[in-house]
Amino acid sequence: MKLTFRWYGEKDCIPLSYIKQIQGMTGVVTAVYDTPVGEVWDIEKLLRLKKLANEAGLEMEVIESVPVHEDIKLGRPTRDKYIEAYKQNILNCGAVGVKCICYNFMPVFDWFRTNLYYKHEDGSTSLSYAEADFLKLDKTNLRLPGWDESYSKEELSGLLKAYEGMTHEKLFDNLVYFLRAIMPACDEADVNMAIHPDDPPWDIFDLPRIVGRESDYDRLFAAVPNKHNGITFCTGSLGAGRFNDLPKMAAKYASRIYFAHLRQLKFTNDTDFYENGHQTAEGNVDVYAIVKALVQNGFDGYLRPDHGRNIWGEDAKPGYGLFDRALGGAYLVGLFEAVEKDLK
Ligand code: DNO
């Protein structure tokens, strides 16, 4: 296991030197953020990120994410052009020492929560999801927390229109087409692909979502058995689906889990939840049982604490402050140490 930390590049307000000070920290997880989706990243930009990380005593072996162009997800004729660019990104990442690329295949939107500043009794804040707030959203004029600047109104309605009639099967076929096409580049560069689950793991706004439960992974690995086809095991995303048995899935797929995002969430009723501190006692995700399942089944991937609360007066990007993620990292390292020693 290698403990890592998400770092949003030079614009991140958290200095690399602080990240390095977190006990057990080996490296950063980052990306080139200023290149439009579908284009090849300038290798100089990758090298610059790596140099900055290395100078701070940190590795840069994980990229999150190389985003997948919507034309690939839609299966449009232009997808082959974007897949070629994606392959070049894989080769370039491999050339600078990247071993794992995290990506997702969610149509239009990535993660989704209804509140970025849910207030806890102790004064901390975190992301949360409430079904009633979701139902209130105006689908013809979507304003989503955290997404308001991502698309213009026209772009968004054009994209939603393009997905009309998209079925789960078609989307899955498009994912398989993409993976089969990029596997030779992964073989050549020895880079593992780690698909991030849909967050939350169900359809939203009539858009199909296909990576959120055990049967989805079974059919994904059956369709593309190449070992470079793997998973980002995100407990916050998968855990939002109460149908998922996370320790069971962690055990079953441990050898395909190249990247683990361990985080906590707590349900307040059947559908609503808020994110919380990492400890098992803080919510519904049994982090201890998941770590145990991973270790017992030979997990050898990267790990990062995920979505922390804003605590100690920090006013950070929601989910991505320093303090609570550092505490989460320390907790996870402690769990791994205990479980690994018990196994010996
Ligand atoms: C949210 C993250 C996701 C994740 C992407 C990976 O905080 O977990 O945005 O980075 O889905 O492609």
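The values are calculated or read from the model by the stated rules, or taken from the named source; none is laboratory data. Here the structure is a predicted model, which is why all the values come from computation and not from measurement. Counting neighbours? That spans all protein chains shown, and the Cβs are built from the backbone with ideal geometry, glycine included.
What the table shows:
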item	result
Checklist (1) within 16 Å of the ligand (Cβ to nearest atom); (2) closer than 16 Å to Gly212 by Cβ; (3) buried (at least 24 other Cβ atoms within 10 Å of the Cβ) applied to Ala250, failing item	(1)
Odd one out for Ile19, checked against (1) of a type outside the set (Asp, Glu); (2) touching a helix residue (DSSP H, G or I) at 6+ places or on another chain (Cβ under 7 Å); (3) buried (at least 16 other Cβ atoms within 10 Å of the Cβ)	(2)
Lone unmet requirement of (1) within 17 Å of the chain's Cα centre (by Cα); (2) within 15 Å of the ligand (Cβ to nearest atom); (3) under 25 Å from Val66 (Cβ atoms) for Gln264	(3)
The listed residue being crowded, with 18+ Cβ neighbours inside 10 Å, part of a strand (DSSP E or B), touching a helix residue (DSSP H, G or I) at 6+ places or on another chain (Cβ under 8 Å) and not β-branched (Val, Ile, Thr), out of His307, His261	His261
Val98 in contact with a strand residue (DSSP E or B) (Cβ under 6 Å, 6 or more places away or on another chain), β-branched (Val, Ile, Thr), in a loop (DSSP other than H, G, I, E, B) and within 14 Å of the ligand (Cβ to nearest atom)	no
Subset of the range 135-158 that is more than 16 Å from the ligand (Cβ to nearest atom) and buried (at least 17 other Cβ atoms within 10 Å of the Cβ) - its residue that is farthest from Asp270 (Cα to Cα)	Leu156
Every pair of residues 6+ apart whose Cβ atoms lie under 6 Å, when the first sits in the range 117-142 and is closer than 19 Å to Leu322 by Cα while the second is at pLDDT 95 or above and of a type in the set (Asp, Glu)	Ser126/Glu275; Leu127/Glu275
Matching residues, the range 274-331, being hydroxyl-bearing (Ser, Thr, Tyr) and in contact with a strand residue (DSSP E or B) (Cβ under 6 Å, 6 or more places away or on another chain)	Tyr274, Tyr302
Residue that is farthest from the chain's Cα centre (by Cα), among those in the range 30-65 that are among the β-branched types (Val, Ile, Thr) and buried (at least 17 other Cβ atoms within 10 Å of the Cβ)	Val32
Selected residue (criterion: nearest to Ile311 (Cα to Cα)) from residues of the range 264-291 that are part of a helix (DSSP H, G or I) and of a type outside the set (A, V, I, L, M)	Glu282
Qualifying residue in the range 131-147 (condition: of a type in the set (Gly, Ala, Ser) and under 25 Å from Tyr18 (Cβ atoms))	yes
Those residues of the range 177-226 which are closer than 18 Å to Ile257 by Cβ, part of a loop (DSSP other than H, G, I, E, B) and of a type in the set (Lys, Arg), in sequence order	Arg213
Cβ-Cβ under 9 Å pairs, at least 6 apart or on other chains, the range 75-96 side at positive phi, far side of a type outside the set (Asp, Glu) and surrounded by 14 or more Cβ atoms within 10 Å (Cβ to Cβ)	Gly75/Met166; Gly75/Lys170; Gly75/Leu171; Gly75/Asn174; Gly75/Tyr177
Among the residues listed as Val295, Val287, the single one being surrounded by fewer than 24 Cβ atoms within 10 Å (Cβ to Cβ), away from the ligand (no atom under 16 Å from the Cβ) and at pLDDT 95 or above	Val295
